[in-house]
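The values are calculated or read from the model by the stated rules, or taken from the named source; none is laboratory data. Every value quoted in this text rests on a predicted model; they were computed, and no experiment measured them. As a convention, Cβ positions derive from the backbone with ideal geometry for all residues, glycine included, and neighbour counts pool all protein chains shown. Surface areas here come from the heavy atoms of the whole protein model, side chains and all, with no ligands, DNA or RNA. Shrake-Rupley method; radii C 1.70, N 1.55, O 1.52, S 1.80 Å.
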Amino acid sequence: MAAPAAAPTPPFPEHRRSRRGTALDLRRNPLWRPSDSLRSRLRVLLVVGLLASVGLSAGLAVARYRDDRAAELRRDARLHSVQAVILTAPGRAPANDPAAGATAQVRWDGQGGTVHQATLAVPDGAAVGARIQLWLDSTGKVSAAPVTAGASAASAVFLGTLVLLAAAGLVTGTHSAIRTWADHTDDHHWEQDWRLFEPTWSHRA
């Protein structure tokens, strides 16, 4: 019994269609609807929108960090620190404001050897005679401690996260709303076409 003849080898390899060619073929399909083109574009816009949200939030976070650090460096240049001595036992925070912290009478030496006293916030559990660090501005007034780079970074990350969540929520919400509208529109058109052609298909015309 003779062996079956081998299938002829095509002279050229079979051409593989690109994704663009496949998409064009789909658009030539009579069942391809305008809403299908809309959905195809929406997928691209969704990805672009999410990437833009990430870039926007990162850019704002970096800008916030740089601005904060520049402002703090200018402020720090006008500050100097001194050691203050606690003179009285720290008092408890008021019952109606527990977040206020403990306060005590403290003393420190100013410029020119002048002695200053004031009631200031002190660490909880500080003892009489303990020393604490104070920050004074160019006029000798007590000022807040310099903001650290870590605190500035945390503030920038917090801002960037809020912007990212808001922007991503806006992009995905808009995408979802348009998709829902396209689905409802397709359902409405399908119901209209069904009422028109169903009697003919079911031979009830």
Accessible area per residue in Å² at 1.4 Å probe, computed on segment 73-205: 68 Å²
Probe 1.4 Å - accessible area at W181, Å² to nearest ten: 150 Å²
From phi via Karplus (6.51, -1.76, 1.60), per-residue ³J(HN,Hα) for segment 69-77 in Hz, x at Gly/Pro: 5, 5, 5, 5, 5, 5, 5, 4, 5
Long-range amide H partners of V122 with built H, under 5 Å: A102, T103, A104
Carbon + sulfur, % of accessible area of segment 61-205 - ligands and nucleic acids excluded, 1.4 Å: 59 percent
V47 versus A121: modelled label distance in nm, points set 7 Å from Cα along the beta carbon direction: 5.0 nm
Convex hull volume per residue for segment 77-178, taking Cα atoms only, in Å³: 164 Å³
In sequence order, calculated HN-Hα J values of segment 173-189 (Karplus, 6.51, -1.76, 1.60; Hz; x Gly/Pro): x, 5, 4, 5, 5, 5, 4, 5, 4, 5, 5, 5, 5, 4, 4, 5, 5
